[in-house]
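Notes to accompany the following structure.
The values are calculated or read from the model by the stated rules, or taken from the named source; none is laboratory data. Owing to the predicted nature of the structure, the values given are computational and were not obtained by experimental measurement. Quick reminder, even Gly has a Cβ in these numbers, built from the backbone with ideal geometry, and neighbours come from all protein chains shown. Please note that ligands, DNA and RNA were not included when accessible areas were found on the heavy atoms of the full protein model with its side chains. Shrake-Rupley method; radii C 1.70, N 1.55, O 1.52, S 1.80 Å.
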Amino acid sequence: MSWPFPVITRAFSALVAAVATVTVIVGTPNIIQAEDDRARIQRQHEHIDRELANASGVASYSVSELDQDPSSTVVLGTHVVVTLATNYSPDQLGQLLTKLFGECCDVSLVRLEFGPTSSLEVVHAQRDAQQWAELVDSVDQLEYARMRLAQFGPDSIAQFQLEVSSQSQDVIAAYEQLHSQPIPSWVALGQLELETITGTWPRLSVHAERAVTAAEWQQFCDRVAELREATESQLHFSLSMTATDSGSEAQFEESIVPAPPPQFTPDPDQPQP
């Protein structure tokens, strides 16, 4: 038995229409969800703009969204970078951070730029304005320091560590300045990465995943003094100290680099070969 051509055509058209209908029905929730997300983000950014536009001590700011990271090493969500003016106060910043991490703004990460060589990066955490102010007040005078407040564990039992990386002309001075600054009781010093600026001699570095003991630090300083004396005015040497969290003693590595010979400058009064 064969079907008439018009009947087959009508059946095929009905099938195509049914498939299209299913496609629209399935795709519509995704479109609606995407529109809802865009509207939510727009409202969120409007709240952030209002808070930052009215905040004292803010020179400029930027807001960005990070919704995917294949390495899973970066905090996802809304990121805010705040460049501070010279007239800010820790109390004002404490209130600002509380608002940015609040329900309306719901920021995931804030980076405070104290100057061209110093910043503090904090992730969304349940702290009050006074606690944020204490943290800012304890670190905002540190030069050549990129700092990050890391949270370990859920909010109810969270522990916080201040991780610091620094490039400066004097690693010993940077280390001692960092440890002379009183930090809030709810924060512990975490991983340290201190190095001299590239091209600066002597080349010193401290890599610490745990607290460096007083004896280890004294050994480092004493060895620097010995190398300075041994190399006299050249100071072309390197010394590094690495303290891991494995429980072992700190490891030291050093090398003396011969100074490059002075460049020859021909005497203009002498005949050249």
Residue ID - most open to solvent (accessible area, probe 1.4 Å), chosen from residues in the range 120-135 that are under 23 Å from GLN177 (Cβ atoms) and touching a strand residue (DSSP E or B) at 6+ places or on another chain (Cβ under 7 Å) = GLU121
inquiry  = Based on this model, can you work out whether GLN191 counts as at negative phi, within 15 Å of the chain's Cα centre (by Cα), polar (S, T, N, Q) and open to solvent by 70 Å² or more (accessible area, probe 1.4 Å)?
reply    = yes
query = Assuming TYR88 fulfils every condition listed in (1) within 23 Å of ARG38 (Cα to Cα); (2) over 17 Å from the mean Cα position of the chain (by Cα); (3) among the aromatic types (Phe, Trp, Tyr) apart from one, which condition is it?
reply = (1)
message = Looking at ASP155, ASP170, can you tell me which residue is open to solvent by 40 Å² or more (accessible area, probe 1.4 Å) and over 27 Å from LEU239 (Cα atoms)?
response = ASP155
request  = Kindly check whether there is at least one residue in the range 23-37 that is open to solvent by less than 50 Å² (accessible area, probe 1.4 Å), farther than 26 Å from ALA133 by Cβ and modelled with pLDDT under 85.
outcome  = yes
inquiry  = If a residue must be touching a residue at least 40 places away in the same chain (Cβ under 8 Å), open to solvent by less than 80 Å² (accessible area, probe 1.4 Å) and not acidic (Asp, Glu), how many such residues does the range 136-152 contain?
reply    = 4
Given (1) without any contact (Cβ under 8 Å) to a residue 40 or more places away in the chain; (2) assigned to a helix (DSSP H, G or I), index of the condition LEU93 fails = (1)
inquiry  = Looking at the range 234-258 only, could you name the residues that are within 16 Å of CYS221 (Cα to Cα) and part of a strand (DSSP E or B)?
reply    = PHE237, SER238, LEU239, SER240, MET241, THR242, ALA243, GLN251, PHE252, GLU253, GLU254, SER255
task = Identify the single condition in (1) open to solvent by 40 Å² or more (accessible area, probe 1.4 Å); (2) more than 30 Å from LEU235 (Cα to Cα); (3) out of contact with any His (no Cβ under 8 Å at 6 or more places or on another chain) that GLY94 does not satisfy, given that it satisfies every other one.
result = (1)
query = Any idea how many residues of the range 125-140 are assigned to a loop (DSSP other than H, G, I, E, B) and touching an Asp or Glu at 6+ places or on another chain (Cβ under 8 Å)?
reply = 2
ask   = Within the range 150-168, can you find the residues that are within 17 Å of the chain's Cα centre (by Cα) and either outside any strand (DSSP E or B) or under 27 Å from PHE220 (Cα atoms) (or both)?
value = GLN161, LEU162, GLU163, VAL164, SER165, SER166, GLN167
task = Might you check whether a residue that is among the polar types (S, T, N, Q), touching an Asp or Glu at 6+ places or on another chain (Cβ under 9 Å) and not in a loop (DSSP other than H, G, I, E, B) occurs anywhere in the range 221-231?
result = no
The range 99-119, subset more than 30 Å from ILE197 (Cα to Cα) and either without any contact (Cβ under 8 Å) to a residue 12 or more places away in the chain or of a type in the set (S, T, N, Q) (or both), residue surrounded by the most Cβ atoms within 10 Å (Cβ to Cβ) = SER108
query = Can you spot a residue in the range 169-188 that is in a helix (DSSP H, G or I), modelled with pLDDT of 90 or more and among the acidic types (Asp, Glu)?
reply = yes
